[in-house]
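Contents: one structure, followed by commentary.
No value in this document is a laboratory result; all are computed from the given coordinates. Not measured: the values here are computed from a predicted model. Heads up, the Cβs are rebuilt from the backbone with ideal geometry, glycines too, and the neighbour counts pull from every protein chain shown.
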Amino acid sequence: MTLDAPTRDTDAHSDENAAVVKPNRLAIIDGDVHTAPSSLSELAPFLERRWLQHMQTYGSRKRHGSNYEPYPKAAPRAMRRDAWPDDGGLPGSSLELLRTQHLDHYGVEVGIMGPLGLSGQGEINLDLSAALATAINEWQRDVMATPEPRLKASIVVPFEDAAASVREIERLGADRRFAQVFMLTRSMDPLGARRYWPIYEAAQAYDLPVGFHVFGAGGHPYTGTGWPSYYIEEGAGHSTSCQTVVTSLVMEGVFERFPKLRTVMIEGGFGWLPALTWRLDKLFERMRDEVPHLQRRPSEMIREHIWLTTQPMEEPVARAHLNETMEWIGWDKLLFASDYPHWDFDDPFRAFPANVGDSRKRQILTTNGKAVYRLG
Amino acid sequence: MPLTGAVDCDVHPLTPVPADLVPYMDAYWRDTLEVRGLDFWETIAYPANAPLTIRADWRALKPRADASPDAMAATLLDRHGFAHAIVNCLFPLQSFRDANLGAAFARACNDWLADTWLSRDARLRGAVVLPVQSVEMSVEEIERRAADPRFVQVLLQVMGDQPLGKPQFWPIYAAAEKHGFAVAIHAGSSYHHPVTGSGWPTHYIEDYAAQAAGFHTQLGSLISEGVFVKYPKLKVVLSESGVSWLPSYLWRLSKFWRGIRNEVPWIDRDPLHYVRENVRLTLQPFDVPDDAATVARVMDQLGSDDLILFSTDFPHWQFDGDAMLPKGLSAAQTRKILIDNPRATYARLA
Amino acid sequence: MARHVIAPVADLPVGARKRVILEGRPVLVLNIKGELFALSDTCPHRGASLAEGILTGHVVATEPGTYVYSREGEILRCPWHAWEFDVRTGRSWCDPKHMRLMQHAVSVASGVSLLESGCVSASEAPIKERGCVSASEAPLQQEGPYQATTFPVRVENAYVVVDTPD
Ligand code: FES
């Protein structure tokens, strides 16, 4: 539907999807909701005094050297301009606005929180990293998930320190308000490396999926050929950091070692996965003697262990291309995510091309999420 | 489908060792190699005995199939009736940190290629390797080779110090455009950075898989920085890149462009446009499953039959037997890939 | 064609904007440097309300690395995916043929003429009503958040009037 607005509105009325997709009947599972404390002081009640003072004195110091992010964003703090609460806080900090603008508005039954920013991940100082992760986890639980049970927390782990990460998973893993373990795609080593294995072991033990969200500060240029100039390059390039994660998890044998592990790639789109899978299968066929610890082809492991959130939904001119790409990946492997309140937000009712069809849309919006996240 | 008349846009000679290059160096550099013990210079790409590096049956030949123009011709050009093959030398001179050293090796490599390959078989064409450590010296090398019509492209690696779209590299594109050279960006790294944005992967398989991500980066950089706006006649050939990653990457780039094109206002049309006009990809390694239906869908996603240039990536093990063409291509597509597209891309391919 | 009285002129000073529902469809009325514009308030991309979009200028380049900036304040950017819309044409920058906002004629009329012609007044949706306005999820015609606010048309005032096609 690429018509002028008035025609489009008419279409929306008559769109048969609209009849099926009634907010309250379709219980949306949203795999990426960015809640955030507005400031350090909102996080202070959950932060040890020693680290609060440290943050006030020295601040956050991440492995890309920037005080915020290396690239200026498309909008202030990368937020939807209509998502700033009236109280002057950050988007994602006001439970009230989050309810009216998002959870109620779309009929979101479960929103999986993915805290960024003041979450400790990427901090050079690993003790600070752990302290901030603990604080953001308690903030999610007490300020968000407890008063609003539709919101599920993520166990943010200071993943460059596997021991501290395991402690955090063990501390919170039994609490059903937490639905996944949360990591970022950019890391000091590719994330299948053995120093991260204890994290996957703990996640598996608690039946928690591990989400890998794009971004992060691993201490390397964002690409294998240095830093690009522009935000548009960073944005388009997130899919490459996702490919690094998938390649590493597969080739290091993480899924052979932890056969019940479920992983979710978050906010990298999904169109890149078939080409990567084909490439890995071909290389595996050529050089399986380099990875004799693998019993199965990469495509089999990917099919079994990796899910992807759909946002930001690719928008090819020919919508059939998106459909066939989803089919290559598997309709049961895609999870809806909105990325609320960020500017590249996907609307659950309008992000999908019409030819996806209602039953598959329902799978992506609801059914698949129930199978992956630890809910209830 | 007969391969007669095909232009193979990516073949590799057995990589020379410094001793092969010494005859093409001046006295200072000859002595330097000896004084400093520079009798080998290798990177971790293409390990000599890895299966990917040379196909087993070609390795077994005596001499091995990539050892000389004759050996290669027997395996490829004579056997299949190719009209031309473009020879890309992969000596890893880009990994030197010293630009002067890089330039000495680049000059020597190009002389060596002209002398020991291009002069031996009139069907062969060559790529000018560039000491990318210095843009100035790279331009000098392009100028030096411009008079030799056997060189049809210049050769860069997909991973270096900086993304290749940055304006500091533009004199290379200006010189290439001026002399009608295509710019080949080939799999490979200077290894001045880890091959991924998350550090060094453990296995060679992962390194090779990461090359494709390098191509995403370079394509995004060339487009976003406006290289094709500045040099509209430039042809960039992504070599040994794979092809199936391209459509979904362009969907992403195009989507972001719609929202944040004001960051790069010189990009005044969908990024896809620049790919159609200026970018080509070599065929092997063809990273699509071996079934006609899927190949047809990927070709449809690519959206144009002009993009792919035939290549064998000889002697790398990308296909078995003679199955160098994917299943499911139409006769018209095949003809374009084998002959028309390469000839339209390489202005110097007389 | 129907004419809708949106507001007294004094309520839409320079720099102000107002979101109204006309015949079930949201319309955004803007006063940019004294000039009035009325555009559909449904982004043709994914349906966001543009009411909280920022107004910027128009940038083009003569070559890479140059920025020619003009028409400050006349480009409305969607608050979601930041597409640019020209307030004078309603056209999007990235896909001007297929993606554009419907424009409405907007004018100022005296209270006298309005009372004579029996114009209807608009129901008003405050800008702070959040979220997607696509009809399938939030049927604007029926549902609660968009309370009609009516105001009397007085002889002595002037009013902003927006036309909708039949
Ligand atoms: S909804 Fe307006 S740009 Fe996407």
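By the Stokes-Einstein formula, at 0.890 mPa s and 25 °C, region A:132-282 with its Kirkwood radius over alpha-carbon pairs has D equal to 152 µm²/s.
Quick one: Kirkwood hydrodynamic radius for region B:169-208, alpha-carbon pairs, angstrom, one decimal? About 12.6 Å, per the Kirkwood formula over Cα pairs. The alpha carbons of region B:296-350 stretch over 31, 28, 17 Å along the principal axes, in descending order. Just so you know, the Cα atoms of region B:29-109 work out to an Rg and Dmax of 15.9, 46 Å. Computed over neighbours whose Cβ is under 12 Å from that of B:V135, the net charge equals -3, Lys and Arg +1, Asp and Glu -1. Using Cα centres only, tell me the gap between region B:68-129 and region A:162-204 in whole Å. Taking the Cα centre of region A:162-204 as reference, the centre of region B:68-129 is 49 Å away.
With only Cα atoms counted, the protein assembly as shown has Rg and Dmax values of 29.5, 103 Å. Contact order, relative form, for region B:7-345: 18 percent (alpha carbon pairs under 8 Å, 6 or more residues apart, mean separation divided by residue count). The value obtained for region B:143-209, namely the Cα convex hull volume divided by the number of residues, is 103 Å³ per residue. The fraction of Cα-Cα pairs per 5 angstrom bin, counted from 0 for region A:225-361, comes to 2, 9, 18, 21, 18, 14, 10, 5, 2, 0 percent, rounded to whole percents.
Mean silhouette area of region A:304-374, derived from the convex hull of its C-alpha atoms and averaged over all directions, reads 5.0 nm².
May I ask what percent, to the nearest 5, of DSSP beta bridges between residues of chain A are antiparallel? Here the antiparallel bridges make up roughly 10 percent for chain A. Reachable aspartates and glutamates from B:K235, Cα under 13 Å, same-chain residues fewer than 8 places away excluded? Within the straight-line cut-off, B:K235 pairs with B:E177, B:E277, B:D306. Helix screen, chain B: DSSP H segments with Cα axial length of 18 Å or more and mean Kyte-Doolittle hydropathy at least -1.0 are B:99-113, B:204-225, B:246-260. Here region B:7-345 is assigned +1 on the Cβ of each Lys and Arg and -1 on the Cβ of each Asp and Glu. Its dipole about the Cα centre then comes out at about 800 debye. Relative contact order, whole percent, for chain A stands at 19, derived from Cα pairs under 8 Å and 6 or more residues apart. Each of B:Y24, A:S299, A:G120 was placed along the dipole of the protein assembly as shown (beta-carbon charges, centred on the mean Cα), and the one lying farthest toward the positive end is A:S299. Ordered from longest to shortest, the equivalent ellipsoid semi-axes for region B:7-345 are 29, 25, 19 Å, each the square root of 5 times a Cα gyration tensor eigenvalue. Shown here are the Rg and Dmax of the Cα trace of chain A, at 20.1, 61 Å. Using the Kirkwood radius built from alpha carbon pairs, what does the Stokes-Einstein equation give as D for region A:52-175 at 37 °C and 0.692 mPa s, in µm² per second? Using the Kirkwood radius from Cα pairs, D works out to 207 µm²/s. The residue among C:V29, B:F181, A:V246 whose Cα reaches farthest toward the positive pole of the charge dipole of the protein assembly as shown, with charges on the beta-carbon of Lys, Arg, Asp and Glu, is C:V29. Note that region B:182-312, at 25 °C in a medium of 0.890 mPa s, gets a Stokes-Einstein diffusion coefficient of 157 µm²/s from its Kirkwood radius over C-alpha pairs.
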